[in-house]
Amino acid sequence: MIMVLIKKELLTELRAKESFVTMAAFSMVIIVSFAFTFISPSGRFMEMAPGMFWIMVLFTSVLGLQRSFAYESEFDAFSAILSAPVDRGEIFLAKWISGSIVLTMVETIAIVPFILFLRIEIPANLLEGIGIIFLGNTAIMCLGSFLSGLAMRSRLSNVLVPILLFPLLSPVIIASVKSTTGWVRGLPIGVWETWVFILVSFIVIFGLLGYTLFAHITEE
């Protein structure tokens, strides 16, 4: 059933393309703004690149999260989903996984202009960088999907999501930036592995909380 829900989420997004196009366009705007705002040598950009990248990911993900439950909230379609014989925790997992996939797709498009405009040299070990980005995306969408479901029935959901999301995601952004900085500098993974463990712990804790409590937060 979980695969059916994920397929439904991805097909809905691919047909409408509202979140994907908006997130991609917004990420391009941020990249161009960074490129024309910061004027420094290439080596200096390498020091700032991890922070700028995760700032871009954070603000871009908010656009997707605000649309995460938009389709279900129209005509109260979410009540029909809840009445189906589906574990409500699986609905949370489907939103979480599909949101992470869409965010990764947007980053795949944005990473090329990010590297070219900011004159960044790609480190040798790509697998470590891909792993960090995967963990960061998963952590952001884990908490974001939980908060989007929590604020879905509120009239101020578009305002409530970023207000709750930004403070709670501070550990994720800090850990992601620190991990990425260690990778970019070519430091041994043992130097910055603590930040990776923080990301993994965040995913496990909020993943379990979201799966367990999603049935309660979606009640009227």
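The values are calculated or read from the model by the stated rules, or taken from the named source; none is laboratory data. Remember, predicted model here, so these are calculated numbers, not experimental data. Here Cβ is always computed from backbone atoms with ideal geometry, including for glycine, and neighbour counts include all displayed protein chains.
The set of residues from segment 129-149 being surrounded by fewer than 19 Cβ atoms within 10 Å (Cβ to Cβ) and not small (G, A, S) comprises I130, F134. The residue pairs whose first member lies in segment 14-26 and is farther than 19 Å from N137 by Cβ and touching a residue at least 24 places away in the same chain (Cβ under 8 Å), whose second member is hydrophobic (A, V, I, L, M, F, W, C) and in a helix (DSSP H, G or I), and whose beta carbons are closer than 9 Å, counting only pairs six or more residues apart or on different chains, are E18/A70.
The set of residues in segment 11-23 that are modelled with pLDDT of 80 or more and either in contact with a Gly (Cβ under 7 Å, 6 or more places away or on another chain) or within 13 Å of R67 (Cβ to Cβ) (or both) comprises F20, V21, T22, M23.
Every condition in (1) modelled with pLDDT under 90; (2) part of a helix (DSSP H, G or I) is met by T60 except one, and the failing one is (1).
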